[in-house]
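Presented below is the structure to which this report refers.
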């Protein structure tokens with residue numbers, strides 16, 4: 001059921017529209033190498049490769065998602081799909097101009113390590129487009145010891161981790177969804 005929810009074409013269109021809006025605000029001509037974490041069936045990665053002529057690596061921890069992505073969007077010189085763990089990426093340091101992470105961190109127990117890995121593989125001055133869920137502190141703190149397989153954090157924790165990794169926040173919008181909020185943030189890695 002969870003994979004159906006994230007693999008819907010309507011969700012892909014919303015994710016693409018969100019990425020397009022943020023890219024319009026960035027110096028897109030300087031963005032050539034892109035990493036998408038949690039690419040699922042590859043719709044966003046394929047869109048960036050086809051419409052922006054960027055070299056895009058779509059990654060996911062689920063081999064089946066990568067298999068579907070390759071079937072739906074054949075790999076090219078500008079589009080590659082790989083099974084990767086966001087908390088232990090195989091890419092070299094300072095390789096990417098842009099990292100895209102949409103609704104990935106709340107699925108990862110080691111989300112802080114993933115933030116460190118993003119900082120490692122992102123070039124100085126590069127950008128991170130980050131969209132994810134966060135809970136209010138009064139929910140996150142008491143339940144955190146009970147949640148072992150997912151990321152449970154409040155937005156101030158996530159902001160603190162990214163700032164500690166050398167990121168500066170350029171844009172932040174949030175929207176409430178019941179007990180949690182969804183945050184759209186653009187970070188830039190400081191030189």
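Quick notes
- Taking each residue of segment 88-111 that is at positive phi and surrounded by fewer than 23 Cβ atoms within 10 Å (Cβ to Cβ) and looking for partners that are at pLDDT 95 or above and not in a loop (DSSP other than H, G, I, E, B) with beta-carbon atoms closer than 6 Å, six or more apart or interchain, yields 94/123.
- Filter pass, residue 19 being within 28 Å of residue 180 (Cα to Cα), touching a residue at least 60 places away in the same chain (Cβ under 8 Å) and either touching a helix residue (DSSP H, G or I) at 6+ places or on another chain (Cβ under 8 Å) or not in a helix (DSSP H, G or I) (or both): yes
- The set of residues in segment 115-132 being buried (at least 19 other Cβ atoms within 10 Å of the Cβ) and part of a strand (DSSP E or B) consists of 122, 126, 127, 128, 129, 130, 131, 132.
- Filtered residues of segment 175-191 (kept if surrounded by 14 or more Cβ atoms within 10 Å (Cβ to Cβ) and either under 14 Å from residue 102 (Cα atoms) or under 18 Å from the mean Cα position of the chain (by Cα) (or both)): 181, 182, 183, 184, 185, 186, 187, 188, 189
The values are calculated or read from the model by the stated rules, or taken from the named source; none is laboratory data. Predicted, not measured: the structure shown is a model, and the values here were computed from it. Every residue, glycine as well, gets a Cβ built from its backbone with ideal geometry; the counts of neighbours run over all protein chains shown.
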